Amino acid sequence: MSLTTEPAPTAPCAVRPLVIACGALAGDLRAVLRASGLDAAIDVTYLPANLHNRPERIVGEIRPLLDAALAAGRPVFIGYADCGTGGLLDALLAEHPGVQRMPGSHCYEFFAGSDQFAALHEEALGTLYLTDFLAKHFDALIWGGLGLDRHPELRDMYFGNYTRVVLLAQTDDPAVTAGAAEAARRLGLDFERRFVGRAGLDVVAVTFGKVDA
C-alpha cells in the first residue's frame, strides 16, 4: 500500500494530528474516522500490510515517521498493537511520552476485546485468527507469504498443531465469510465466525475527538 500524501506545509496543517497505522487497518480505520466526523481533521500514513510477516521491521518503519511528525509538533497516534515486535514498539514509545498505540498484543485482541479474545484463546489454543482484511488477502499474506503456493507440503509444518480458523469479522460481508471458510478448508481446519465489528478502533477517534477540522 502507498503512503498517504502529507498536506502542504502551511500553518493550518502544521499541527494536524497524524496516525501511523498498519495498512491492514486502512478500510476499517477510514470508516471509523468517517463515522466520527474526523476523516477531514486527521492525516493517516499506512505502512505495508505485509509487515504482518516481518514484525521485526515494524519499529524501523515507524521510527522516522514518528520522529518527523513530533519534530513538526504534530500529535501522533500509533495504529499498531505490539504486533509481534516483542516489546520493541513499547520501548520506542517510551522515548516519547504521550504517544499512544492500540491496546493489546495484536489486532485480533483489540478488535475482539481482551476479554472475548482471552475466552477464544482458552477454547482452543490451536486457532488461526483472520480479520476481514486477512480473509480478503489470504492468498497474498498467508498462503503466498508463507510460501505455501510454492511448497504446499509445508502446510502441516506450519499448521499441524492448529484445529480451527476463527474469522473475527468487522462487517457482515458474505464474500469475506466465504473467503475465510475457503481458507480454513485449504488449511484442513474447522471454521468459525465471530462478529466483533470495528469498536476496537474507536480509541483513535476518542484520542483526537476534540480536534478541530
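Please treat every number below as a calculation from the coordinates, not as lab data. Note that the structure is a prediction, hence the values are computed from the model and not measured. FYI the Cβ positions are ideal-geometry reconstructions off the backbone, even for glycines, and counts take in every protein chain you see.
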Spin-label point model (7 Å from Cα, Cβ direction): what's the Arg186 to Val15 distance in nm?
4.9 nm
Net charge contributed by nearby residues that have their C-beta within less than 13 Å of Ile58 (K/R +1, D/E -1)
0
For Val206 and Arg34, extending 7 Å from Cα along the Cα-Cβ vector and measuring point to point gives, in nm, a value of 2.4 nm
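As an exercise, use a Förster radius of 35 Å and the Cβ-Cβ distance of Arg150 and Arg193 to find the FRET efficiency, rounded to the nearest 0.05.
With R0 = 35 Å, the Cβ-Cβ based efficiency is 0.75.
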Antiparallel %, DSSP beta bridges [both residues in the stretch 114-195], to 5:
0 percent
Taking 0.36 nm per residue of separation between Glu61 and Ala124 and subtracting their Cα-Cα distance, the length gained on full extension comes to 19.3 nm
In terms of modelled amide H atoms, which long-range or inter-chain residues lie less than 5 Å from the amide H of Leu167?
Leu130, Glu192, Arg193, Arg194
Label-point separation (nm) for Tyr158 and Asn50, each offset 7 Å from Cα along Cα-to-Cβ?
1.4 nm
Cα centroid of the stretch 147-213 to Cα centroid of the stretch 105-129, whole Å
11 Å
